[in-house]
Amino acid sequence: MAHNPGALYRLFYRSRQTPEVSADLDFQVQQIIGSSISRNRSVGLTGLLLTVQGHFIQALEGNVAAVRATYARIAMDPRHRDLHIIAQGPAGKRLFGDWNMCARSLAPSDKAILEVLDSKGGFNKEALTAATVERLLTTVATIQSRTALEALVS
Ligand code: FAD
């Protein structure tokens with residue numbers, strides 16, 4: 001289907017971290033974010049990168065060319081494998097417009113978020129559908145912005 005090149009487009013994918021990345025996750029994520037922020041800014045991309053139990057879940061939003069070119073680079077990256085696009089398509093407004101690219105690890109104790117995925121409280125990558133992945137990442141984004149606000153006023 002043809003897309004208006006300037007229109008907003010959003011893509012969600014999941015992938016599996018390599019064991020080397022999982023073993024040194026904080027450093028690896030800092031490296032990824034460090035190399036992504038200026039690239040994403042320069043092409044008007046926003047999004048959220050989440051790490052959960054050996055997996056990455058990422059939202060990318062911007063114009064269709066920027067989203068697809070960035071995803072194509074990410075898909076070639078040896079730091080993860082088994083990439084699976086969960087949902088993609090035109091979007092009405094940015095869901096992650098307030099920040100560029102941030103990350104948060106989910107621990108089993110992050111119950112409120114995990115319940116978005118699975119009422120039993122565990123992470124089930126197969127349960128990530130277009131609706132649940134959007135809810136998951138926007139929930140994380142809301143929690144992050146609240147935490148950032150609290151840090152500002154405390
Ligand atoms: P170069 O920097 O020229 O690197 C060449 C190759 O080496 C590429 O295949 C690259 O993927 C790989 N590489 C680079 N650094 C490392 C490293 N430390 N260890 C192993 N291999 C490495 N990029 C964005 O621009 N925006 C994003 O939102 C974004 N999100 C990402 C999310 C995840 C989960 C991962 C794993 C990567 C993400 N990246 C993102 C990084 C992206 O995959 C590219 O590495 C980056 O965009 C640079 O691309 P390049 O072609 O200029 O590669």
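In table form, for the structure just shown:
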{"quantity": "Selection within the range 29-38 - modelled with pLDDT of 90 or more and open to solvent by 40 Å² or more (accessible area, probe 1.4 Å)", "calculated": "Gln31"}
{"quantity": "Test for Ser22: is it farther than 17 Å from Ala91 by Cα, hydroxyl-bearing (Ser, Thr, Tyr), near the ligand (Cβ under 9 Å from one of its atoms) and surrounded by fewer than 20 Cβ atoms within 10 Å (Cβ to Cβ)", "calculated": "no"}
{"quantity": "Unmet requirement for Ser145, which otherwise passes all of (1) under 24 Å from Ser35 (Cβ atoms); (2) open to solvent by less than 70 Å² (accessible area, probe 1.4 Å); (3) at pLDDT 80 or above", "calculated": "(3)"}
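Every residue, every condition in (1) more than 8 Å from the ligand (Cβ to nearest atom); (2) at pLDDT below 95; (3) over 24 Å from Ala131 (Cβ atoms), yes or no:
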residue	(1), (2), (3)
Leu11	yes, no, no
Arg14	yes, no, no
Phe27	yes, yes, yes
Asn40	no, yes, yes
Gly44	yes, yes, yes
Gly54	yes, yes, no
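Every residue, every condition in (1) under 21 Å from Ala127 (Cα atoms); (2) surrounded by 16 or more Cβ atoms within 10 Å (Cβ to Cβ); (3) over 12 Å from the mean Cα position of the chain (by Cα), yes or no:
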{"site": "Ser42", "(1), (2), (3)": "no, no, yes"}
{"site": "Val52", "(1), (2), (3)": "yes, yes, no"}
{"site": "His55", "(1), (2), (3)": "yes, yes, no"}
{"site": "Ala59", "(1), (2), (3)": "yes, yes, no"}
{"site": "Asn63", "(1), (2), (3)": "no, yes, yes"}
{"site": "Ala66", "(1), (2), (3)": "no, yes, yes"}
{"site": "Asp77", "(1), (2), (3)": "no, no, yes"}
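The values are calculated or read from the model by the stated rules, or taken from the named source; none is laboratory data. Note that the structure is predicted; figures quoted are calculated from it, not measured. Using ideal geometry, Cβ is built from the backbone for each residue, glycine included, and neighbour counts are taken over all protein chains shown. We work out accessible area using only protein heavy atoms, side chains counted, and drop any ligands, DNA or RNA first. Shrake-Rupley method; radii C 1.70, N 1.55, O 1.52, S 1.80 Å.
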